[in-house]
1. Of the residues 22, 145, 132, which exhibits the maximal mean-square fluctuation in a Gaussian network model of the chain defined by a 10 Å Cα contact cut-off?
2. In whole angstrom, how far apart do the alpha carbon centroids of region 36-50 and region 52-92 sit?
3. Along the Cα-to-Cβ line of residue 158, 7 Å from the Cα, sits a label point; which residues in region 91-116 have backbone N less than 17 Å from it?
4. Quick one: what does P(r) look like for region 107-155 with 5 Å bins over all Cα pairs, in whole %?
5. Hey, got the dipole for the chain? About the Cα centre, +1 on K and R Cβ, -1 on D and E Cβ, debye to the nearest 20?
6. Mind telling me which of 40, 75, 86 comes out most flexible in a GNM of the chain, alpha-carbon contacts under 10 Å?
7. With 19 Å as the cut-off, how large is the P(r) tail for the chain, expressed as percent of Cα-Cα pairs?
8. Using a basic spin-label model with each label point 7 Å from the Cα along Cα→Cβ, how many nm lie between residue 77 and residue 146?
Amino acid sequence: MVMSLRSIWAVALFLAAGADPLFNLMPSDGVPPGWQRSGKERLFIGAALYQHINGGAELYHQNGFDRLAVQDFAKADHELRVEIYKMNDPAGANAVFAEMTGGMAIQATYGSACVLDDYQILFQRGAYLVSLTTYENGAETLAALAALAAKIDAALSN
């Protein structure tokens with residue numbers, strides 16, 4: 001597919017403005033208390049996904065990847081990352097979720113299905129996949145992951 005120069009500029013302006021509705025699903029600062037957005041929000045559309053997850057992007061593309069919103073959150077020395085993947089349809093999101101969670105214990109705490117461990121919450125709801133990840137294991141960070149997941153899941157339910 002070839003995009004015209006006008007279309008490329010329109011997309012660039014749209015992205016620069018941070019106007020993508022996917023970011024409306026991200027919790028605001030203070031959710032959970034004391035946690036703030038850290039760094040700039042990032043949006044990956046189409047082949048740009050390879051810039052974010054080079055080795056795993058093909059799975060998403062094979063199943064109808066649309067876009068990805070990424071936002072980091074921090075509180076003091078604690079950090080975590082929220083990624084919200086928008087697929088073209090629920091079947092694509094389900095296929096990616098099933099591939100990524102094969103052999104894991106599936107729960108219904110968040111979304112229509114989720115997996116939880118000490119470093120990540122991954123859940124699917126409709127055409128969305130949500131990944132919340134940290135590199136530290138502690139009660140405060142796990143509570144933040146849970147609060148953010150609940151907030152995003154509620155936004156996706158509306």
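1. 22
2. So the separation of the two Cα centres works out to 8 Å.
3. Under 17 Å, as judged by backbone N against the label point of residue 158, lie 111 of region 91-116.
4. It works out to 5, 24, 36, 21, 11, 3, 0, in whole percents.
5. On the way: 10 positive and 16 negative charges, 106 e Å.
Result for the chain is approximately 500 debye, rounded to the nearest 20.
6. So, out of 40, 75, 86, the one fluctuating most is 40.
7. In whole percent, the long-distance tail amounts to 55.
8. 2.3 nm
Every number here is computed from the coordinates shown, using simple stated rules; none is lab data. All values derive from a computational prediction rather than experimental measurement. Counting neighbours? That spans all protein chains shown, and the Cβs are built from the backbone with ideal geometry, glycine included.
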